[in-house]
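The values are calculated or read from the model by the stated rules, or taken from the named source; none is laboratory data. Predicted model only: the values in this text are computed from it and were never measured. Please note: Cβ atoms are built from the backbone with ideal geometry, for glycine as well, and neighbour counts cover all protein chains shown. In case anyone asks, the SASA skips ligands and DNA or RNA and just uses the protein heavy atoms, side chains included. Shrake-Rupley method; radii C 1.70, N 1.55, O 1.52, S 1.80 Å.
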Amino acid sequence: MRRIGILTSGGDCQALNAAMRGVVKTLVHSGEALEIYGFLDGYKGLIYGNFRMLTGADFSGILTVGGTILGTSRTPFKTIREPDENGLDKVEAMKHNYYKLKLDCLVILGGNGTHKTANLLREEGLNVVTLPKTIDNDLWGTDMTFGFQSAVDIATNAIDCIHTTAASHGRVFIVEVMGHKVGWLTLNAGMAGGADIILLPEIPYDLDKVVAAIEERNRRGSRFTIIAVAEGAISKEDAKLSKKEYKEKLKKRTSPSVAYEIAEEIQKKTGREVRVTVPGHVQRGGSPCPYDRVFASRLGSEAGKLILNGEYGFMVGYKNREIVKVPLEEVAGKLKMVSPDAAIVQEAKLLGICFGD
């Protein structure tokens with residue numbers, strides 16, 4: 001009898017269910033006797049012993065379903081060693097429940113914070129296999145994360161829809177795209193949606209350069225400008241601040257987000273009408289796109305194979321168009337940022353897209 005625990009942690013995204021389905025179907029089709037323990041609401045379920053016994057039937061018909069059938073929550077890594085409000089040692093509690101249930105392996109689906117905790121559990125002696133989930137595509141050790149392409153499709157559609165109203169009214173439109181501290185989602189959606197200006201966290205912007213790009217479009221007869229702004233975009237002035245100074249400045253921000261701040265400045269400098277659109281959590285929701293369904297299924301299948309082979313301590317990733325296994329210690333705590341010198345950035349500049357630098 002093989003006993004497998006599985007959980008989804010951190011922010012939700014498309015194809016979590018597809019990935020879990022891939023793992024379970026691979027294990028079920030191996031013919032081995034199997035018990036599946038689905039921990040509810042991420043690491044909280046593992047900490048407090050909240051789980052459901054699942055069968056292969058629970059994973060039938062969920063390939064196209066967004067979200068996660070297990071629920072999810074955020075359990076910050078920076079507080080994982082701190083006792084909870086009742087004094088419970090969270091790490092020891094997770095280990096206790098793992099051994100109490102006699103699990104052979106724990107399958108964990110998540111992003112950066114999730115992988116830090118997964119690696120900690122590996123260091124504590126648990127058998128762990130992980131899958132790379134995040135719309136941000138910022139996990140180290142993999143070229144792609146599932147959920148990313150679905151989010152790109154949604155953000156691109158938002159930019160597409162903005163084009164017609166921006167052109168009709170001759171306005172500057174800012175679309176604020178998710179992505180946390182990195183710009184992969186904004187870069188790809190911006191290019192796919194034909195944005196004229198793309199502002200990323202990795203490339204601090206000069207607002208005067210942004211204004212100059214808008215005015216140049218006006219001179220060329222373009223009535224409107226579309227700006228794709230990453231939620232973590234930062235100006236050159238703010239980039240010079242220390243982390244502490246920048247956090248203090250953010251606390252004093254009166255506008256809802258960076259997109260509104262930029263809109264206000266552009267309006268002051270140009271006198272143009274500026275509108276802001278924030279797709280927000282729509283980018284996390286809905287059914288996974290076909291690419292993500294296939295991709296998550298492949299990752300899940302490979303995770304199942306690792307479990308059958310008794311190979312633990314790995315994230316199943318994607319490098320150079322191949323599914324690979326990446327040691328967890330190489331993944332945990334690292335962000336995959338957009339390099340300002342990356343080929344895709346340089347190619348975007350050749351297309352005439354302004355990055356405000």
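For the range 248-266: of the residues being touching a Leu at 6+ places or on another chain (Cβ under 9 Å) and open to solvent by 60 Å² or more (accessible area, probe 1.4 Å), which is nearest to L200 (Cα to Cα)?
Within the range 248-266, the match that is nearest to L200 (Cα to Cα) is E265.
Can you pull out the residues in the range 119-132 that are of a type outside the set (G, A, S) and open to solvent by 10 Å² or more (accessible area, probe 1.4 Å)?
N119, L120, R122, E123, E124, N127
Return the residues of the range 301-353 that are open to solvent by 50 Å² or more (accessible area, probe 1.4 Å), part of a loop (DSSP other than H, G, I, E, B) and more than 27 Å from L126 (Cβ to Cβ); say none if nothing qualifies.
N320, R321, M337, S339, P340, D341, L351, G352
Out of (1) touching a residue at least 60 places away in the same chain (Cβ under 8 Å); (2) more than 30 Å from H169 (Cβ to Cβ); (3) in a strand (DSSP E or B), the odd one out for V276 is which?
(2)
Would you be able to tell me the number of residues in the range 154-195 that are at pLDDT 95 or above, open to solvent by 30 Å² or more (accessible area, probe 1.4 Å) and touching a Lys or Arg at 6+ places or on another chain (Cβ under 9 Å)?
Qualifying residue count for the region: 2.
Out of all the residues in the range 16-62, which are of a type in the set (A, V, I, L, M), within 23 Å of A118 (Cβ to Cβ) and in a helix (DSSP H, G or I)?
Once the filter is applied, which keeps residues that are of a type in the set (A, V, I, L, M), within 23 Å of A118 (Cβ to Cβ) and in a helix (DSSP H, G or I), the range 16-62 yields L16, A18, A19, M20, V23, V24, L27, L46, I47.
For N50, are the conditions met, namely being at pLDDT below 95, in contact with a strand residue (DSSP E or B) (Cβ under 8 Å, 6 or more places away or on another chain) and not small (G, A, S)?
no
Go through I47, I62, I4 for me and flag whichever is open to solvent by less than 50 Å² (accessible area, probe 1.4 Å) and under 26 Å from V152 (Cα atoms).
Going through I47, I62, I4 in turn, just one is open to solvent by less than 50 Å² (accessible area, probe 1.4 Å) and under 26 Å from V152 (Cα atoms): I62.
Mind listing just one residue for me: the one in the range 219-238 that is farther than 15 Å from H169 by Cα and of a type in the set (A, V, I, L, M) and, of those, most open to solvent (accessible area, probe 1.4 Å)?
If we take residues in the range 219-238 being farther than 15 Å from H169 by Cα and of a type in the set (A, V, I, L, M), then I234 is most open to solvent (accessible area, probe 1.4 Å).
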